[in-house]
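Notes for the one structure printed next.
The values are calculated or read from the model by the stated rules, or taken from the named source; none is laboratory data. Note that the structure is a prediction, hence the values are computed from the model and not measured. Here the Cβ positions follow ideal geometry from the backbone for every residue, glycine too, while neighbour counts run over all protein chains shown. Areas reflect the complete protein model, heavy atoms only, side chains present, ligands, DNA and RNA absent. Shrake-Rupley method; radii C 1.70, N 1.55, O 1.52, S 1.80 Å.
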Amino acid sequence: MNSQGDQFIQSLQDGRSVWLNGTKIDVTTDENFKGTLTTISELFNMMDDSQKRNSVGYLSPKTRGFVHSAFLVPHSYDDLLRRRIAFETWSQTTDGVMSRLSDYARSRLTGWYASREDYKKFDEHFPHKIKAYYEEARDKNLFFSVVQRDPQINRANQSFKDIKDLGLLRITKKTSDGVFLSGAKMIGTAAPYSNDLIVYPLVNLKEEQESIAHMLIVAANSPGLHMVCRESFAANQTKIVDSPLSSRYDEMDALLIFDNVFVPWERVLLYDNADALLQIKLNPASNGLAYHQAIVRLLTKLEFVTAIACEIAEAIGADAYLHVQEKIGELLIQVETIRALLIASEREGKLDQYQTFIPNFTYIETARNLGTKYYPRAIEILQLIGAGGFIQLPSSVQDFQSPLSDLLKKYFKGANLEAEKRTKLFKLAWDLVGSPLGSRHELYERFYAGDPIRNIANQYNNYDKKRFKQMLEKYLDH
C-alpha cells in the first residue's frame, strides 16, 4: 500500500491547470515544487509512523484509520491540547516557515462543521453539505485551502457595481446540477497543490451585493480553473545547503482565474446571501480553532528567529555587547508573550452551545495582532545583529572545496565556529532576511489575517469596555 505522502502526490496528477513562467506544468514533476511537495509528503507520512501518528492524529470514528487532529472537534481542554500538539509537531518540523499546510484550513472547516446547525436558517441543506465534505476531507486526508481575497484591479472602486471590470467572482449561470463561476481570487497560497479550494469573499457585503455573496468548494482540477503562479522562490535541490528554507518550504501563491467553472450544488454551501456570508466569517468556532493553529505556528517561527539570532551573536562574538543582549531580550519577550497568550487562550477556553471547547478568542486575537508587528521587528533585529556578515558570504558552501579552502577557513570562521559551519548559519539566516522567500514571509506575516490596522481597530470596537467605565464611576458619579 502506498504511504499517505505518496497518495497525496498521486492525487495531484489530475489534469489541473497550473501555469508558471508562461507554461502549463505538472506540479508533481516540476522542479520548482519538488522541495515543497517532498516536505508535505514527509509530514503526511507521519500518519503511517507508529511512533509519530499519535502526536499528529486520532482514529476516525467512521473508518478507524488515523486522521489529522485538525479535524478533531474539541469537547474539552485536553482535546484542545491534542490539537495543539499536532500543530506543534508539524510547525516544529518546518520551523514555522510553512503557514498553509492545510491544518489551518482544516481547522476552519472543523469549526463550521461543529456549528453547522447555525446556518440551517440560511440554507436547510448547509448542515448536510458541510458534514459530508468534512467527513470526506478528514477520511481521505485531503489537502485544501481557503481563498478569500479579490484581485487588486481598482481598490478605489468600492461600489462593487462593476463586478466584471473588478474581476469579482460571481455566479454566471445556475442549472439543476449546479452553478457556473467566472472571475478571480487571490492570494491562493498552496492552491496549486491543494485538492480543493474553499472560496468566499473576505469583505463584508451589503444586501445589494448578493450576486457575489457565495461560499463554495471548488475542485482544483475543475475545467476552466487556471492557477497563475507567482515567480518561484524555490532553490534548486542541489543548493539545499545554501538555501535550506527556500529549497524546502516555498509555499506557492497563485491568482485563481475562474473561466466558466462548474460547481455542483452539493459543493455550493451558501449563495446569494450577504448576511449568511457575514455570519460564517464571524463563526466563533471556525475563527477560534483556525487562529489557534496560526498562533502555535507563529510561536514556533518566532522561536526559530530567536534561535538564529542567539547563535549568530555567539558566532561573531557580539553576545557580550549590551545593545545585542537588549535586542535578543526583545526577541525573548516576543516569544514568551505569544506563549503566554496561547496558554491563556487554552486555559480560559469554554464550551459553546454545541459542546465545542473553543479557546478564548480575546487572547488569540491579541497574539494575532501582535504577530503582525512582532515578526517584521524580529527580522529587523536579526538584520541588525548579523549586519554586514549577511552580505559578505562565499557564493556557496561548496567554495570550501576549492583550492582556496585553507584561506576561506581562516577568514570566514567565527568566534566559536569553524568557517563552514558559520557560513551555513549565515546562509540559513539570509534565507529569512534577504532572499525572495524571506521577503515574501515578512509581507505574509503582516497581512495574512487581513488589514492589520482594521484588525486592531476591530479589537477595540468588539472589546467589552464596561469594566473600564466602572473603574471610573467612583470619580465621575459622585
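Report, ordered by chain and residue number, the aspartates and glutamates lying within cross-link reach of Lys239, taken as a straight Cα distance under 17 Å and ignoring same-chain residues fewer than 8 apart.
The qualifying aspartates and glutamates are Asp30, Glu31, Asp250, Asp399, Glu420, Asp431.
Beta carbons within 10 angstrom, averaged per residue: use that to sort the peptides 341-348, 322-329, highest first.
341-348, 322-329
What Kirkwood hydrodynamic radius do you get for segment 160-243 when you take the inverse of the mean 1/r over all pairs of distinct Cα atoms, in Å?
When all Cα pairs of segment 160-243 are included, the Kirkwood radius is 15.3 Å.
For a Förster distance of 51 Å, can you work out the FRET efficiency between the beta-carbons of Lys413 and Asn2, rounded to the nearest 0.05?
About 0.65, to the nearest 0.05.
Starting from the Cα-Cα distance between Lys52 and Ala132, subtract it from 0.36 nm times their residue separation and give me the gain in nm to one decimal.
26.0 nm
Which percent of the accessible heavy-atom area of segment 7-64 goes to carbon and sulfur, probe 1.4 angstrom?
43 percent
Can you tell me the equivalent ellipsoid semi-axes for segment 17-115? Use √(5λ) from the Cα gyration tensor, largest first, whole Å.
Taking √(5λ) for each eigenvalue gives 28, 16, 13 Å, largest first.
What accessible area per residue comes out for the chain, rounded to a whole number of Å², with a 1.4 Å probe?
Spelled out: the 1.4 Å probe surface of the chain, per residue, equals 46 Å².
Can you give me the Rg/Rh ratio for segment 336-407, using Cα atoms for both radii and the Kirkwood formula for Rh?
1.38
Determine which residues of segment 246-274 fall in the zone a paramagnetic label at Asp14 would reach in this model, i.e. backbone nitrogen under 19 Å from the point 7 Å along Cα→Cβ.
The answer is 252-269.
Can you compute log10 of I(q)/I(0) for segment 201-274 with the Debye formula, treating each Cα as one identical point scatterer, at q = 0.21, 0.22 Å⁻¹?
After summing over all Cα pairs, the log10 values are -0.96, -1.00.
Considering only the other residues whose Cβ falls under 13 Å of the Cβ of Ala419, what net charge follows from Lys and Arg at +1 and Asp and Glu at -1?
That works out to +3.
By the scheme Lys and Arg +1, Asp and Glu -1, what is the net charge of all other residues having a beta-carbon under 14 Å from that of Gln325?
Numbers: positive: Lys327; negative: Glu314, Asp319, Glu326, Glu330.
With Lys, Arg at +1 and Asp, Glu at -1, the net is -3.
Based on DSSP, what percent of beta bridges with both residues in segment 166-284 are antiparallel, to the nearest 5?
Expressed as a percentage, antiparallel bridges in segment 166-284 total about 95.
What is the P(r) of the chain, as percent of Cα-Cα pairs per 20 Å bin from 0?
Calculated over all Cα pairs of the chain, the distribution is 22, 54, 21, 2, 0 percent.
Quick check of the Kirkwood formula: for segment 240-302, what is the inverse mean of 1/r over all pairs of different Cα atoms, in Å?
16.1 Å
Report Rg/Rh for segment 201-241, rounded to two decimals, where Rg is the Cα radius of gyration and Rh the Kirkwood radius.
Value, to two decimals: 1.25.
Using just the helices of the chain, give the 222 nm mean residue ellipticity in deg cm²/dmol: DSSP H runs with n ≥ 4 each add -39,500 (n - 2.57), and the total is spread over all residues, rounded to 500.
Numbers: 15 runs with 218 residues, N = 478.
Helix-only estimate at 222 nm: -15000 deg cm²/dmol.
List the pair-distance distribution P(r) of segment 392-478, using every Cα-Cα distance, as the percent of pairs falling in each 5 Å bin from 0 up to the bin containing the longest distance, rounded to whole percents.
Taking every Cα pair in segment 392-478, the percentages come to 3, 11, 13, 10, 8, 8, 7, 6, 6, 6, 6, 5, 4, 3, 2, 1, 0, 0.
For segment 330-464, what Kirkwood radius comes out of the mean inverse Cα-Cα distance, in Å? Let's see the in-between values first.
Values: mean 1/r = 0.0555 Å⁻¹.
With all distinct Cα pairs of segment 330-464 included, I get 18.0 Å.
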